[in-house]
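Participant: Dropping a structure here in structure tokens format, bear with me for questions.
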Amino acid sequence: MGRKPRSSKQTRQLLAVLAIDAARWRHGYELSQQTGLKSGTLYPLLIRLSDQGWLEARWTEPEREGRPPRHEYRLTEEGAALAREDAAARIEQPEGRMKGAVLA
Amino acid sequence: MSVVRELSRALVSHARMVMPESRAFWTAGMANEMAHIGDDGAAFRWAIGGVMTAYLERVSAVFGSAPMRGLLMLPLLFEVMQAVFAQTMTLAWRMGATGVLGVMGSQTPGDDYHRFIPLLQLVPNWYVVSGFVAGALVLASAVQLVRRRPSAVIFFIAGIVVGIVAEGLVHTVPGYNDAARQVFQFKDVRTMRDLVIPITAQLVPIFIAISLWLATRGTRPRVGAVS
């Protein structure tokens with residue numbers, strides 16, 4: 001298992017969105033819209049999370065014919081646990097200070 | 001197909017060429033995802049992000065390579081040397097090690113340590129200690145770079161900040177500014193010594209910090225991490 005990712009604001013945003021119904025697979029564009037992150041920010045984060053074993057990715061067939069297959073992403077079990085711990089740490093520290101948090 | 005859409009496709013194709021082979025999975029995903037974005041403007045912005053991601057990964061792959069990290073050690077060690085040079089000279093002077101002083105002085109503009117004596121007399125102990133702390137932090141950064149740990153950037157910045165703060169505070173020592181003027185004022189003006197080298201010395205830490213970030217961001221892909 002990789003080291004815990006650094007807690008940039010964008011990483012926490014992405015983890016928070018992925019943690020909602022963590023078992024569900026999501027497309028990149030959907031994640032971009034839900035997090036408000038542009039693709040140039042989102043994908044380097046997805047790549048890093050995947051490298052560290054927190055995210056899994058797969059190809060999936062398109063819903064409509066004639067469209068290319070798409071990527072889907074979701075947190076691994078370890079990633080989901082990490083996101084939950086991070087969320088709990090933020091609730092304990094509502095000012096947003098990450099001292100002692102899992103991702104710090 | 002609209003011109004914007006064509007341009008977006010061209011950008012994504014470019015991103016696929018730039019992206020390192022080991023990351024091809026991700027640009028393929030970004031490229032295909034674009035076909036599912038209805039709005040041309042949004043697809044264009046998506047493609048721009050794809051190009052940015054590809055270049056970031058490419059540059060990181062280059063900076064993260066062992067030869068490049070080895071090359072990066074040179075400016076890092078230069079920074080260590082710069083952090084501890086004056087402090088070592090001060091210690092040598094206090095210990096009466098004239099041999100060491102002579103060698104170190106020959107490496108300075110003017111080729112002689114004697115002109116530094118007014119400064120060496122005034123430098124407080126905490127300034128000497130701060131230099132070694134800064135040097136140790138930059139050295140720790142070098143170690144972390146070898147291990148390819150992102151904390152290399154933090155250690156490096158901490159070292160530079162300690163150095164800058166100490167440098168700022170030492171000017172408050174009574175008589176230090178006059179002594180510094182006496183030591184560092186030269187009769188003639190040389191472009192290289194008085195302009196090029198000082199400006200470069202200020203820019204090098206910025207270059208190193210960015211390079212360290214690029215060399216240590218993320219980790220190597222785990223086999224089987226993606227399907």
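Participant: List every residue pair whose Cβ atoms sit under 9 Å apart, with the two residues 6 or more apart in sequence or on different chains, where the first one lies in the range B:108-125 and is under 11 Å from B:THR90 (Cβ atoms) and not assigned by TED's automatic domain parsing to the domain that holds B:TRP93 and the second, anywhere, is hydrophobic (A, V, I, L, M, F, W, C) and assigned to a helix (DSSP H, G or I).
Facilitator: Note: no pairs meet the criteria.
Participant: List every residue pair whose Cβ atoms lie under 6 Å apart, where the two residues are 6 or more positions apart in sequence or sit on different chains, the first residue falls within the range A:28-55 and is without any contact (Cβ under 8 Å) to a residue 40 or more places away in the chain, and the second residue, located anywhere, is of a type in the set (Val, Ile, Thr) and part of a helix (DSSP H, G or I).
Facilitator: Between residues of the range A:28-55 that are without any contact (Cβ under 8 Å) to a residue 40 or more places away in the chain and residues that are of a type in the set (Val, Ile, Thr) and part of a helix (DSSP H, G or I), the close pairs are A:GLN34/A:VAL17; A:THR35/A:VAL17; A:GLY40/B:THR53; A:TYR43/B:THR53; A:PRO44/B:THR53; A:LEU45/A:THR11.
Participant: Based on this model, can you work out whether B:ARG45 counts as of a type in the set (Lys, Arg), assigned by TED's automatic domain parsing to the domain that holds B:TYR127 and more than 22 Å from the chain's Cα centre (by Cα)?
Facilitator: No: the conditions fail for B:ARG45.
Participant: When you go through (1) without any contact (Cβ under 8 Å) to a residue 12 or more places away in the chain; (2) under 17 Å from A:LEU46 (Cβ atoms); (3) in contact with a Pro (Cβ under 7 Å, 6 or more places away or on another chain) one by one for B:ALA24, which number turns out not to apply?
Facilitator: Against the list (1) without any contact (Cβ under 8 Å) to a residue 12 or more places away in the chain; (2) under 17 Å from A:LEU46 (Cβ atoms); (3) in contact with a Pro (Cβ under 7 Å, 6 or more places away or on another chain), B:ALA24 comes up short only on (3).
Participant: Only one of these conditions is not met by B:THR108: (1) surrounded by 13 or more Cβ atoms within 10 Å (Cβ to Cβ); (2) modelled with pLDDT of 90 or more; (3) within 22 Å of B:THR200 (Cα to Cα); (4) of a type outside the set (Gly, Ala, Ser). Which number is it?
Facilitator: So the condition that B:THR108 fails would be (2).
Participant: So, one more: Suppose we keep only residues that are part of a helix (DSSP H, G or I) and within 14 Å of chain A (Cβ to nearest Cβ) within the range B:145-154. Which one would you say is surrounded by the most Cβ atoms within 10 Å (Cβ to Cβ)?
Facilitator: Going through the qualifying residues, I end up with B:ALA152.
Participant: Spot the failing condition for B:ALA35; the list is (1) within 14 Å of chain A (Cβ to nearest Cβ); (2) within 29 Å of B:THR216 (Cβ to Cβ), and only one is missed.
Facilitator: Every condition holds for B:ALA35 apart from (2).
Participant: With the structure loaded, tell me whether B:VAL189 is surrounded by fewer than 17 Cβ atoms within 10 Å (Cβ to Cβ), of a type in the set (A, V, I, L, M) and outside any helix (DSSP H, G or I) or whether it fails that test.
Facilitator: The answer is yes for B:VAL189.
Participant: Select the helices (runs of 4 or more DSSP H) contained entirely in the range A:6-56, then report the ones holding at least 3 residues which are closer than 20 Å to B:ILE37 by Cα and more than 9 Å from every other protein chain (Cβ to nearest Cβ).
Facilitator: Those helices (runs of 4 or more DSSP H) span A:28-35.
Participant: Within the group B:LEU11, B:LEU71, B:LEU56, which residue is over 22 Å from A:LEU42 (Cβ atoms) and either buried (at least 19 other Cβ atoms within 10 Å of the Cβ) or in the same structural domain as B:ALA140 (by TED's automatic domain parsing) (or both)?
Facilitator: Going through B:LEU11, B:LEU71, B:LEU56 in turn, the sole match is B:LEU71.
Participant: So B:ALA24 ticks every box in (1) under 22 Å from the mean Cα position of the chain (by Cα); (2) within 14 Å of another protein chain (Cβ to nearest Cβ) but one. Which box is left unticked?
Facilitator: It is condition (1) that B:ALA24 fails.
Participant: Within the range A:1-56, which residues are over 11 Å from the mean Cα position of the chain (by Cα), modelled with pLDDT of 90 or more, small (Gly, Ala, Ser) and surrounded by 15 or more Cβ atoms within 10 Å (Cβ to Cβ)?
Facilitator: Passing the criteria: A:SER39, A:GLY40, A:GLY53.
Participant: I'd like to check something: does the range B:84-99 contain any residue that is under 24 Å from B:PRO198 (Cβ atoms), surrounded by fewer than 18 Cβ atoms within 10 Å (Cβ to Cβ) and either in the same structural domain as B:ALA201 (by TED's automatic domain parsing) or at pLDDT 90 or above (or both)?
Facilitator: yes
The values are calculated or read from the model by the stated rules, or taken from the named source; none is laboratory data. In this text the structure is predicted, and so the values were computed from the model without any measurement. All Cβ positions, glycine included, derive from the backbone under ideal geometry; neighbour counts span all protein chains shown.
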